[in-house]
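The values are calculated or read from the model by the stated rules, or taken from the named source; none is laboratory data. Being a predicted model, the structure only gives us computed values, none of them experimental. Neighbour counts run over all protein chains shown; Cβ positions are idealised from the backbone, glycine included. These area figures cover heavy atoms from the full protein model, side chains too; ligands, DNA and RNA do not enter into them. Shrake-Rupley method; radii C 1.70, N 1.55, O 1.52, S 1.80 Å.
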Amino acid sequence: MNKYKKTLCLLLMLVGTPMAWHLAMSPKAVQAQQQDAKASAPQVAPVLPRPEVPFGGRISRRASESTPDFPHEVVAPPGAPNILVILTDDVGFSATSPFGGPIPTETFDRLAKNGLRYTQFHTTALCSPTRAALLSGRNHHSAASGVIMELGTGFPGYNTLMPKSCGTFAEVLKQNGYNTAWYGKNHNVPDWHSSQAGPFDLWPTGLGFEYFYGFIGGDTNQWEPALYENTKPIEPPHDVPDYFFEKDMADHCINRIRMLSSVAPEKPWLQYYAPGTAHAPHHAPKDWIAKFKGKFDQGWDKVRQETFARQQRMGIIPANAKLTPRPQEIPAWDSLDADQKKLYARMMEVYAAALAYADHQMGRILDAIDDLGQLDNTLVIYIQGDNGASAEGGFNGLLNEMTFFNGIPEDFNEVLKRMDELGSASTFNHYPIGWAHAMNTPLQWTKQVASHFGGTRNGLVISWPARIKDKGGIRTQFHHVIDIAPTILEAVGVQTPSVLNGVPQKPVEGVSMLYSFDDPAAPSQRRTQYFEMAANRAIYNEGWVACTTPPVAPWVSVWNAIDIDDYQWELYHVAEDFSQSVNLADREPGKLRELQDLFWIEAAKYNVLPIDNSRVERMDVRLRPSPTRGRSVFTYYADQTRIPEGSAPDIKNKSFKIAADIEVPVDGADGVIVTQGGRFGGWALCLLEGKPTFLYNTVGVFSASVQAKESLGPGRFALLVSFDYDGGGVGKGGKVTISVDDKPIAEGRIERTIPFRVSLDETLDIGEDTGTPVSQDYTVPFRFTGELNRVLVRLGESQLTAEDEEQIRRAKAAMGLAR
């Protein structure tokens, strides 16, 4: 080593840079050192990102005398499969054809014939919790998601802020050489994080997904969805009459898979595909609805019997399984009149069409993968439903779900008259309870009820042609949604990291299901699993289940909560009683006590405590951080759109003022100045034919319009809308006054206002209307063609009594659980 090089090495060593050692060592010595270090390293769970590898080349003063060495980027293990995870919404155990149901699902069938069906696979009974458990491989309370995002409380199991110690399988795969993407529903963003102010670390791009295309929240309008690409709000093409989100979502997935195959064909990918179907609204193209005409005229009781018989013939349920009775609260089909039967059958036809159409789009994705020659080494995990079928449509079903959430009954004759619109862009529809119960055959209860399999048992199909040889096989091992993440990681050949992005990780609480691929008789590796949702709770252990009796049905929003220790308990030997049909609590009190004790052990272990059966109280936004807390004046500017309701001024049940500073050009102006909501409930201040107009839509049942007689000429104006609330309760009316430059120009009344929630998916917009229009007087986006300088909203004092506030919280609680 020459004198200059020695001096350089000494200087570098003194400042502590590892470059000095590379200058002093030959490349072969460096490589040998790295190999020795690797061989001597203990086999422990990895740390991600991986520590930087020392430079393996040689550095001299001249490039010609130096040896380059690029850092080795992470690559997936040899032969690692592509991963496609599909999770549908609000689909019961028996809805689809592979599990004996009445709805043909060609893609689900195709995968089942080429893979495995799991008949004892379970979810958490509700949306956000199931999705958090799926992504993290931890129980929903461990992932701080014991409830949906709108019900969070300040306890570790319930705050809705999924901790960094619960890293997702997507993040692990991304750091092991995978491309990752998420499409469709994301109901895992905390309620107060969902605006453009963020933060965004719990959005998909913060959870290990390089790309997201979908919606935030519990549900969406398939015809006019509120979309996001990554974290940016985008609008669907409003000028395409047959646009439908399910097809658009599949197109984006297909295009991305093709792009990845073209650019990096050796790199495996993960696609998480989570359609909003079949959560309400049940939307479907008209030609698909027509396919099911007359298919459900026999009614829910007969459909349930037919499904049960098919399940037994197909081996989906054991020969000794029993069909649990229909609850007395659900009317017998034969007790309905002719009009009820006609309407309710149509509602089920629409639901079936929605689910079948969504499944068809997944088939297009499989075809695209097959065309690329990649299907053989693609692991497809298709979970049919994030919980049991939803009973939140009430006894009569719904034309517009927002009527139910606002306590405004629909007129049966009006719904009957508009029956042919069900599933179209003009409805936000849901089916009756009777159909939800039938879609959970042969089980008890429905979505929300974590104590019984009707709320938690969902059909699962796993296909991996290169690995699974028992094609068409049925697996009966007891498993849970937390078992999906470890299954994926074992299939890929990577470990769960001990540290991820600098944060020590909680142990994964799921178990891999790979052991079951080759051995249908293998004992279940999941021996114990707790369930809990809003104090409905259960514990599974070695073939037995102890569970509480639900004190209130999921379709009841108002009830007097009882103490959690006063719940009745049931006991089932589910190893012999598939449908929980024979309650053994009185015969086996010792076994019941043993399992009750085990539940409390598991509850303490996984952050389930404190058990909380409140619904009303948890909807109070004051329990959670909020960007609107303590504010009565809000200022907005042009082109500020897609502000979610939880981040917008709450004008309900109070007086308010809306002021706008606008400029009208010489040729006049039209368009929306400010609006919230849309076709299914909302309001708008706009210029219609140049006339200042205030529109109010009370969930499609009542509407009001207050409009000036004259159009505004050119100039700058201070436009003001004042609403003086009548008071005396929630959802009451009030007087509207429109003024220009302090001069009243129009007055009118709104006789009934929206009491509880304007919209589930539409937003506050300034200068245009995204989503759907509040009135048929205009079409979206109806941009304001003048100059919009500023909009101010000032809220008046609440005039509600304590009883009124309680009514609001009760309604919101029902709304929250339904999402």
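Identify, from the list T231, T220, the residue that is out of contact with any Asp or Glu (no Cβ under 9 Å at 6 or more places or on another chain) and among the polar types (S, T, N, Q). Explain how you work it out, then say what you get.
Working: T220 fails: out of contact with any Asp or Glu (no Cβ under 9 Å at 6 or more places or on another chain).
After applying the criteria, what remains is T231.
With the requirement that a residue be over 21 Å from V780 (Cβ atoms) and without any contact (Cβ under 8 Å) to a residue 24 or more places away in the chain, what does segment 240-265 give you? If the condition is that a residue be over 21 Å from V780 (Cβ atoms) and without any contact (Cβ under 8 Å) to a residue 24 or more places away in the chain, then D251, N255, M259, S262, V263, P265 are the ones that fit.
Looking across segment 184-212 at every residue that is open to solvent by 20 Å² or more (accessible area, probe 1.4 Å) and in a helix (DSSP H, G or I), the one that is nearest to I257 (Cα to Cα) is identified as T205.
Just give me the residues in segment 737-754 being of a type in the set (A, V, I, L, M) and either open to solvent by 80 Å² or more (accessible area, probe 1.4 Å) or in a loop (DSSP other than H, G, I, E, B) (or both), in sequence order.
Step one: filter segment 737-754 for residues of a type in the set (A, V, I, L, M), giving 738, 740, 745-746, 750, 754.
Across segment 737-754, the qualifying residue is only I754.
Of the residues G734, G771, G767, G729, only one is at pLDDT 95 or above and either surrounded by fewer than 20 Cβ atoms within 10 Å (Cβ to Cβ) or out of contact with any Leu (no Cβ under 6 Å at 6 or more places or on another chain) (or both); which?
Selected residue: G734, the only one of G734, G771, G767, G729 that is at pLDDT 95 or above and either surrounded by fewer than 20 Cβ atoms within 10 Å (Cβ to Cβ) or out of contact with any Leu (no Cβ under 6 Å at 6 or more places or on another chain) (or both).
For segment 174-232, which positions are out of contact with any Leu (no Cβ under 9 Å at 6 or more places or on another chain) and among the β-branched types (V, I, T)? Within segment 174-232, T205, I216, T231 meet the criteria. Screening segment 60-81 for residues that are surrounded by 13 or more Cβ atoms within 10 Å (Cβ to Cβ) and among the polar types (S, T, N, Q) and picking the one that is farthest from L270 (Cα to Cα) gives S60.
Could you look through segment 603-649, keep only residues that are in a helix (DSSP H, G or I) and out of contact with any Ser or Thr (no Cβ under 7 Å at 6 or more places or on another chain), and pick out the one that is least open to solvent (accessible area, probe 1.4 Å)? The extreme case among them is A603. Of everything listed in (1) small (G, A, S); (2) on the phi < 0 side of the Ramachandran plot; (3) open to solvent by less than 20 Å² (accessible area, probe 1.4 Å), the single unmet condition for G217 is (2).
Just the residues that are at negative phi and either among the β-branched types (V, I, T) or crowded, with 19+ Cβ neighbours inside 10 Å (or both), please, taken from segment 570-586.
First, pick out the residues of segment 570-586 that are at negative phi: 570-579, 581-586.
Passing the criteria: E570, L571, Y572, V574, D577, F578, S579, V582.
If the condition is being outside any helix (DSSP H, G or I) and either modelled with pLDDT of 95 or more or of a type outside the set (S, T, N, Q) (or both), then segment 327-341 contributes P327, E329, I330, P331, A332, L336, D337. Annotation note: of Y431, Y530, the sole residue that is under 25 Å from D612 (Cα atoms) and touching a residue at least 40 places away in the same chain (Cβ under 8 Å) is Y530. Scanning segment 381-410 for residues that are in contact with a Leu (Cβ under 6 Å, 6 or more places away or on another chain), under 18 Å from R615 (Cβ atoms) and not in a helix (DSSP H, G or I) turns up just one, N387.
Which residues, counting only those in segment 302-340, are farther than 14 Å from T96 by Cα, in contact with a helix residue (DSSP H, G or I) (Cβ under 6 Å, 6 or more places away or on another chain) and of a type in the set (D, E, K, R)? Residue satisfying the conditions is D339 alone. Looking at segment 100-121, which of its residues are closer than 18 Å to L375 by Cα and either not acidic (D, E) or not in a helix (DSSP H, G or I) (or both)? Matches in segment 100-121: T107, F108, R110, L111, A112, K113, N114, G115, L116. Selection of strands (runs of 3 or more DSSP E) fully inside segment 653-695 by the criterion of at least 1 residues being in contact with a helix residue (DSSP H, G or I) (Cβ under 6 Å, 6 or more places away or on another chain) returns 681-688.
One line per residue, one yes/no per condition, for (1) without any contact (Cβ under 8 Å) to a residue 24 or more places away in the chain; (2) under 22 Å from H480 (Cβ atoms); (3) open to solvent by 10 Å² or more (accessible area, probe 1.4 Å); (4) under 16 Å from the mean Cα position of the chain (by Cα):
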residue	(1), (2), (3), (4)
A133	no, yes, no, yes
S142	no, yes, no, no
Y178	no, no, no, no
W182	no, yes, no, yes
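Checked against (1) open to solvent by 20 Å² or more (accessible area, probe 1.4 Å); (2) touching a Leu at 6+ places or on another chain (Cβ under 7 Å), Q271 passes all but condition (1). Among the residues of segment 498-533, those identified as under 10 Å from S451 (Cα atoms) and either of a type outside the set (S, T, Y) or in contact with a Ser or Thr (Cβ under 8 Å, 6 or more places away or on another chain) (or both) are F531, E532, M533. Applying the criterion of being over 17 Å from L592 (Cβ atoms) and basic (K, R) to the residues of segment 509-562, the residue that is least open to solvent (accessible area, probe 1.4 Å) is R526.
For R117, the requirement of being of a type in the set (K, R) and open to solvent by 10 Å² or more (accessible area, probe 1.4 Å) is met.
Considered as a group, the residues in segment 64-101 that are hydroxyl-bearing (S, T, Y) and free of Cβ contacts under 8 Å to residues at least 40 places away in the same chain include one that is farthest from Q361 (Cα to Cα), and that residue is S64.
All told, T476 falls short of being hydroxyl-bearing (S, T, Y), open to solvent by 40 Å² or more (accessible area, probe 1.4 Å), under 30 Å from P51 (Cβ atoms) and in contact (Cβ under 8 Å) with a residue 60 or more places away in the chain. Considering (1) touching a strand residue (DSSP E or B) at 6+ places or on another chain (Cβ under 7 Å); (2) more than 15 Å from V774 (Cα to Cα); (3) surrounded by fewer than 24 Cβ atoms within 10 Å (Cβ to Cβ), the lone condition that P692 does not fulfil carries the number (3).
Restricting attention to segment 351-391, the residues that are open to solvent by 10 Å² or more (accessible area, probe 1.4 Å) and within 18 Å of the chain's Cα centre (by Cα) add up to 0.
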